[in-house]
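Note sheet for the following structure.
The values are calculated or read from the model by the stated rules, or taken from the named source; none is laboratory data. Keep in mind that what you see is a predicted model, and the values were worked out from it rather than measured. Here the Cβ is made from the backbone with ideal geometry for all residues, glycine too, and neighbour counts use every protein chain on show. Surface accessibility is based on the protein's heavy atoms, side chains included, excluding ligands, DNA and RNA. Shrake-Rupley method; radii C 1.70, N 1.55, O 1.52, S 1.80 Å.
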Amino acid sequence: MAKKIDSPCTSTCQLKGGMCTSCGRSIEEIRHWKSMKRPEKLSTLKRAEQRRKKLDK
């Protein structure tokens, strides 16, 4: 298992309603990414993926 979890940032930020429509993270999640522990990052990635799926519908 990889130790480092890369940011899902795609460098194409499009903020809408407090969320980036490119990576699916909230502004707070983006702001705190570097200080998050591994479990927090994994949870954030799951939530972001679910948000992106909703946007694709």
Pair list, Cβ < 8 Å and 6+ apart or interchain, from segment 17-39 residues that are on the phi > 0 side of the Ramachandran plot to residues that are small (Gly, Ala, Ser) and in a helix (DSSP H, G or I): 24/48
Yes/no for residue 3 being among the basic types (Lys, Arg) and either in contact with an Asp or Glu (Cβ under 7 Å, 6 or more places away or on another chain) or assigned to a loop (DSSP other than H, G, I, E, B) (or both): yes
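So which residues in segment 6-37 are in a loop (DSSP other than H, G, I, E, B) and hydrophobic (A, V, I, L, M, F, W, C), if there are any at all? Don't jump to the end; show me each part of the working.
In the first step, residues of segment 6-37 are kept if they are in a loop (DSSP other than H, G, I, E, B); the result is 6-14, 17-18, 21-25, 36-37.
Within segment 6-37, 9, 13, 23, 36 qualify.
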Identity of the residue in segment 1-53, of a type in the set (Asp, Glu) and under 9 Å from the mean Cα position of the chain (by Cα), that ends up most open to solvent (accessible area, probe 1.4 Å): 49
Residue pairs meeting the criteria (Cβ under 9 Å; at least 6 apart or on separate chains; first closer than 13 Å to residue 22 by Cβ, in segment 44-57; second among the small types (Gly, Ala, Ser)): 48/24; 48/26; 49/24; 51/24; 51/26; 52/22; 52/24; 55/24
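Condition check ((1) over 19 Å from residue 3 (Cβ atoms); (2) in contact with a His (Cβ under 9 Å, 6 or more places away or on another chain); (3) among the basic types (Lys, Arg)) across all residues:
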residue	(1), (2), (3)
16	yes, no, yes
34	no, no, yes
39	no, no, no
45	no, no, no
50	yes, no, no
53	yes, no, yes
